[in-house]
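Where a number appears in this text, it was derived from the coordinates with a stated rule and is not lab data. Here the structure is a predicted model, which is why all the values come from computation and not from measurement. Cβ coordinates were reconstructed from backbone atoms using ideal geometry, including for glycine residues, and neighbour counts include every protein chain displayed.
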Amino acid sequence: MKPIFVFDVGGVLVNWDPRHLYRKIFSSEKEMEYFLAEVCPPAWNLTLDAGRPFKEACDEKAKEFPQYAAQIEAYRTRWPEMIAGPIEGTESIVRELKEKGYALYALSNFSAETFPLTKKRFDVFNLFDGIVLSGEEKINKPDPEIYRRLLTRYGLKAEECLFIDDNLENIKAAQKLGFQTIHFTAANELRGELTRRRIF
């Protein structure tokens, strides 16, 4: 049976990193890293992925760190600059899989506010048969519930799905639910693994 492909987005399909934006804002790498570790850290970003409104979250942060109010506001107003572009090589893999007739889905920790901007920018998302976003579901990977929602919504079986993600914790959660998995590190490595599995 042909596997059903389930792709993560950030780190697999698109090159998202807040540093792409904040290197333009901070002249000091050290201050930028402090800002991204203590002011707008990854755990805070995950609340945005889980559906918290950007304006609410940024306004609250600005009150907590008034000295960084302008930089915090940029997290909302200049968010698209956090995506440098596509992950080189992955889009061609997705297009080849589509041409071969494989079903394609996406399961991503992604804000419902910012995904429409990303989808408009990268037409690869038009190739997917379905997309489940944490920002719409109000729940993030690796919580098993968001994987179950993907399966239920599209009538999929975990053991028939091949889940591709750059986050090892997300991979482990998928494995516990019965998904086949590939831990993404680079597009050429993914292509090699798909070739080994005789998909390419």
- line: Percent relative contact order for the chain, counting Cα pairs under 8 Å at least six residues apart, stands at 28
message: Testing the spin-label approximation: label points 7 Å from Cα along Cα→Cβ at residue 168 and residue 34. State their distance in nm.
response: 3.1
field: Computed label-point distance, nm, for sites residue 195 and residue 1 using a 7 Å Cα→Cβ extension
entry: 2.9
Residue-span extension gain [residue 20 to residue 148] - 0.36 nm each, minus C-alpha spacing: 42.8 nm
task: Take the Cα atoms of the stretch 17-83, find their three principal axes, and give me the spread along each one in whole Å, biggest first.
output: 30, 26, 19
- prompt: If R0 is 30 Å, what FRET efficiency do you get for residue 175 and residue 84 from their C-beta distance, rounded to 0.05?
  reply: 0.50
- request: Specify the longest stretch of the chain that does not include any exposed loop site, a site being one of the trypsin sites (Lys or Arg not before Pro) with a non-H, G, I, E, B DSSP assignment and at most 10 other Cβ atoms within 10 Å.
  value: 1-99
Computed [θ] at 222 nm, deg cm²/dmol, the chain (DSSP H ≥ 4; -39,500 (n - 2.57); rounded to nearest 500): -12500 deg cm²/dmol
Spin-label pair residue 73/residue 183, simplified geometry with 7 Å Cα→Cβ offset, distance in nm: 4.3
